[in-house]
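Comments concern the structure below.
The values are calculated or read from the model by the stated rules, or taken from the named source; none is laboratory data. These numbers come from a predicted model, not from an experiment. Cβ: placed from backbone, ideal geometry, glycine included. Neighbour counts: every protein chain shown. Keep in mind that these areas ignore ligands, DNA and RNA; they rest on the heavy atoms of the full protein, side chains included. Shrake-Rupley method; radii C 1.70, N 1.55, O 1.52, S 1.80 Å.
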Amino acid sequence: MTRRIYDAYPAGGPRGSWPAEERAHELTEQGEPATVVMDMGTDRFLVVPESSGEAAG
């Protein structure tokens, strides 16, 4: 399964910083509904399009 990734951010960001969530919010406001998922293999937060019941893969 192929999934589009808008952006990726390292999980070890500065305390109190939520850049992935902020980017997802910006995209959603621009009409591109987005959400944040964790890629455990790379230890990164990914900003991806919101899915309608689609399983992540």
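Points worth noting:
- Labels on offer are [x] 1.10; [y] 0.97; [z] 1.00, and the one holding Rg/Rh (Cα atoms, Kirkwood Rh) computed from this structure is [y].
- Contact order, relative form, for the chain: 42 percent (alpha carbon pairs under 8 Å, 6 or more residues apart, mean separation divided by residue count).
- Using a probe of 1.4 angstrom and keeping all protein chains present, the accessible surface of the chain works out to 73 square angstrom per residue.
- Among ALA24, ALA11, ALA34: highest mean-square fluctuation, GNM of the chain, C-alpha pairs under 10 Å: ALA11
- In region 1-37, the trypsin sites (Lys or Arg not before Pro) that fall in loop regions by DSSP, at most 11 other Cβ within 10 Å: ARG4, ARG15
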